[in-house]
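Some notes on the structure that comes next.
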Amino acid sequence: MKGAGEAGTVGALSAVMSAVSDALRPFGVRHLDMPVTPDRIWRCLKTQPVKEPSA
């Protein structure tokens, strides 16, 4: 098994991407391409349909 820093891969990038995906999941975002920028996150959130609160 290779370490996270070997063979041209960096483990931190996938960890950050997973954290962003997990944070956006309640907003209906299921996929976001890299690189993740604030603008890309904002545009993705704006395109999601508005969910009515369930009472």
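Scan region 1-35 for residues that are open to solvent by 50 Å² or more (accessible area, probe 1.4 Å) and either modelled with pLDDT of 75 or more or of a type outside the set (Val, Ile, Thr) (or both) and report the count.
Our first condition is that a residue be open to solvent by 50 Å² or more (accessible area, probe 1.4 Å); within region 1-35, this holds for 1-2, 4-10, 12-16, 18-19, 22-23, 25-27, 30-31, 33-35.
Now narrow it down to the ones that are either modelled with pLDDT of 75 or more or of a type outside the set (Val, Ile, Thr) (or both): 1-2, 4-8, 12-16, 18-19, 22-23, 25-27, 30-31, 33-35.
Total meeting the criteria: 24.
Do you know which of the residues in region 36-55 that are open to solvent by 70 Å² or more (accessible area, probe 1.4 Å) and part of a loop (DSSP other than H, G, I, E, B) is modelled with the highest pLDDT?
Looking at the filtered set, the residue picked out is Pro49.
The values are calculated or read from the model by the stated rules, or taken from the named source; none is laboratory data. The shown structure was predicted, so the numbers you read here are calculated from the model rather than taken from an experiment. Surface areas here come from the heavy atoms of the whole protein model, side chains and all, with no ligands, DNA or RNA. Shrake-Rupley method; radii C 1.70, N 1.55, O 1.52, S 1.80 Å.
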